[in-house]
Amino acid sequence: MASPPPALEILVREPDGVTVWSGPPYPPGTTSPPQRLPKTACSATSFSTDGARLLATVASASATVYDCRTLAVVKCFELPGLLAAALSPTGAYLQTFQKSSSPQEKNVTVWHVDTAAALYQHYQKSMSKTTWPMVQFSADESVACRMMPNEIQFFDPKDFAKGILYRIRMPGIATMKLATAPGSHVAGFVPEAKGVPASVQIFSCNKDAQNQVVARRSFFRCSTVQLQWNKGSTGLLILAQADVDKTNQSYYGETKLNYLTTDRAFEGIVPLKKDGPVHDVQWSSSGSEFAVVYGVMPPKATIFNKKCNPLVEFGEGPYNTIRWNPKGRFVVLAGFGNLPGDMAFWDYSEKKLVAKTKAECSVTSEWSPDGRHFMTATTAPRLQIDNCIKIFDHNGSLQFKKMFERLYQADWKPEAAERFTDIADLTTSLSTLKIEETKKQAQGSKSAQTSSKAPAITAPKPTAYRPPHAKGSAELQDKLFGGLAPAGGEMSKNALRNKKRREKQKEKKAAEASGSPADES
């Protein structure tokens, strides 16, 4: 007999501490979900990748690890000068970074959580988001490695006392990403220097093939990269970023999306059909497709297969975010940040637009592990007012909303998607949209909107700056701000006045040609 699916849980962190809520669905009228963990003071929190353990840290003081099944304390580490901490994928190891007064004082430590034993230590002068955590683990924690000047070093996670087992030489390496599921390959980035182009190289983690390049991609005009491995560790997406866009299309610099496969079937730029920045990219849970939102406003959205061939075109719209649910069935396109918060819920398997709605001022967004709920959060310090959590059903209807005086974090507790059943019953889409009809998709057909609790909302008149050449474009305005075209083709007063003037001029010319006086009424 199959075991029942796990219950959903949500981590919520406010100024006075962190708590863990029981997840949805909630009874109608729920304002405060049940709390599984009493408010606990902390400055940062995170789950292990598999959701087995929870880490709560107090800056410059301590790190506490909880068992997520019972929410009992597994171990508390007193760590003066603590600056950062991270759990390994299964929560077996804790990695910490502390202030150090001298190189002789080793300030990076890998701890065994259950025994509180320090398994490995080294000195690190500084750290950043791109270099933390220093030691990276595969999902099953069978592979561990770290980046050091000019090389990648590998360890035995079951016995760190063995020291460095082997090395991969990469002169000038600045960023590293270990494939996690499985931990079969590692990618390293070397920035551009002295006329030599920047490059990303993929190596096998097999000790016998450690210095043989599996795949390589070089490019100019690149200062930083974001590396994303797929599930299966067969494909690597490389978002190359330059500080300056020489085409002057973006104030924020230039981005190019590259793709490498470990079998060398594809090495090159992803063929995007619109110029402009890459706003977001995400692999599907299966690792066989990836979705991209790209181009100048209004951006396009496309899904590619693992051979980099386009599968689905979602058209254009006011979007800069894409979220694929863990089951791979539903996709949310959203416009957050400096966009009004429009969201489009798509049934990818049926190629249908399920619903459109809004979540204004959202900072974070993610699907629940079971793929049935979509949560958005407005958090500080990005936004200091209107902090809130909203939870939508998979069909776009708003199920729950809670306001906060100040909210710092809202995360689903991770769970394996395989532990949940598929969604059997879907709300019937009111019409099937043809994927190729990009204009209708971008503007939003009224017939595709559902009669859910959170119906599609037409955006108010925009007040944001638009360049002069775009001010007269009603179509561009509609795409950018998510509104629907005026019913019945209504015109503005000026447009209507000009139309009447043109018609009168035509009548006058026709009357002169026929020799009869024009009707001046």
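Yes or no, residue by residue, for (1) open to solvent by 40 Å² or more (accessible area, probe 1.4 Å); (2) of a type outside the set (Asp, Glu); (3) in the same structural domain as residue 85 (by the TED database):
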residue	(1), (2), (3)
113	no, yes, yes
118	yes, yes, yes
146	no, yes, no
149	yes, yes, no
153	no, yes, no
159	yes, no, no
167	yes, yes, no
178	no, yes, no
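Here's the yes/no breakdown for (1) within 22 Å of residue 273 (Cα to Cα); (2) surrounded by fewer than 21 Cβ atoms within 10 Å (Cβ to Cβ); (3) in contact with a Lys or Arg (Cβ under 8 Å, 6 or more places away or on another chain); (4) modelled with pLDDT of 90 or more:
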{"position": "207", "(1), (2), (3), (4)": "no, yes, no, no"}
{"position": "213", "(1), (2), (3), (4)": "no, yes, no, yes"}
{"position": "221", "(1), (2), (3), (4)": "yes, yes, yes, no"}
{"position": "226", "(1), (2), (3), (4)": "yes, yes, no, yes"}
{"position": "229", "(1), (2), (3), (4)": "no, no, yes, yes"}
{"position": "234", "(1), (2), (3), (4)": "no, yes, yes, yes"}
{"position": "238", "(1), (2), (3), (4)": "yes, no, yes, yes"}
{"position": "246", "(1), (2), (3), (4)": "yes, yes, yes, no"}
{"position": "253", "(1), (2), (3), (4)": "yes, yes, no, no"}
Handout entry: Filter result (assigned to a strand (DSSP E or B) and either farther than 14 Å from residue 412 by Cβ or over 21 Å from the mean Cα position of the chain (by Cα) (or both)) within segment 388-402
Key = 388, 393, 398, 399, 400, 401, 402
Fill in the blank from the handout: Expected output for segment 277-300 (first residue over 21 Å from residue 328 (Cα atoms), partner at pLDDT 95 or above and of a type in the set (Val, Ile, Thr), Cβ below 6 Å, 6+ apart or cross-chain) is 299/293
Handout entry: Odd one out for residue 305, checked against (1) under 19 Å from the mean Cα position of the chain (by Cα); (2) free of Cβ contacts under 8 Å to residues at least 12 places away in the same chain
Key = (2)
Problem - The lone exception for residue 360 - which of (1) of a type in the set (D, E, K, R); (2) in contact (Cβ under 8 Å) with a residue 60 or more places away in the chain; (3) open to solvent by 30 Å² or more (accessible area, probe 1.4 Å) it fails - result: (2)
Completion exercise
Per the list (1) open to solvent by less than 40 Å² (accessible area, probe 1.4 Å); (2) over 30 Å from residue 81 (Cβ atoms), residue check on residue 140 breaks on (1)
Problem - From the options 382, 329, 323, residue that is open to solvent by 40 Å² or more (accessible area, probe 1.4 Å), modelled with pLDDT of 95 or more and on the phi < 0 side of the Ramachandran plot - result: 323
Completion exercise
If you go through 453, 434, 390, 401, the only one that is at pLDDT below 90 and either closer than 24 Å to residue 34 by Cβ or aliphatic (A, V, I, L, M) (or both) is 453
Problem - Whichever residue in segment 363-378 is open to solvent by 10 Å² or more (accessible area, probe 1.4 Å) and of a type in the set (Ser, Thr, Tyr) and, among such residues, is farthest from residue 329 (Cα to Cα) - result: 364
Exercise for the section: Kindly indicate the residue of segment 83-104 that is of a type outside the set (A, V, I, L, M) and in contact with a Lys or Arg (Cβ under 9 Å, 6 or more places away or on another chain) and also most open to solvent (accessible area, probe 1.4 Å) among those meeting that condition. Expected result: 103
Exercise for the section: Determine whether segment 34-47 contains at least one residue that is open to solvent by less than 40 Å² (accessible area, probe 1.4 Å) and within 15 Å of residue 389 (Cα to Cα). Expected result: no
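Table: residues versus (1) part of a loop (DSSP other than H, G, I, E, B); (2) touching a strand residue (DSSP E or B) at 6+ places or on another chain (Cβ under 7 Å); (3) open to solvent by 30 Å² or more (accessible area, probe 1.4 Å).
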site: 5; (1), (2), (3): yes, no, yes
site: 11; (1), (2), (3): no, yes, no
site: 26; (1), (2), (3): yes, yes, yes
site: 29; (1), (2), (3): yes, no, yes
site: 57; (1), (2), (3): no, yes, no
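Can you tell me which residues in segment 32-53 are in a strand (DSSP E or B) and more than 13 Å from residue 17 (Cβ to Cβ)? If you could, list the steps in order and put the result at the bottom.
Of all residues in segment 32-53, those in a strand (DSSP E or B) come to 35-40, 44-47, 53.
Passing the criteria: 36, 46, 47, 53.
Give 53, 36 a once-over and let me know the one that is among the charged types (D, E, K, R), touching an Asp or Glu at 6+ places or on another chain (Cβ under 9 Å) and at pLDDT below 95.
36
The values are calculated or read from the model by the stated rules, or taken from the named source; none is laboratory data. Every value quoted in this text rests on a predicted model; they were computed, and no experiment measured them. Please note: Cβ atoms are built from the backbone with ideal geometry, for glycine as well, and neighbour counts cover all protein chains shown. Only protein heavy atoms, including side chains, enter the accessible area calculation; ligands, DNA and RNA are left aside. Shrake-Rupley method; radii C 1.70, N 1.55, O 1.52, S 1.80 Å.
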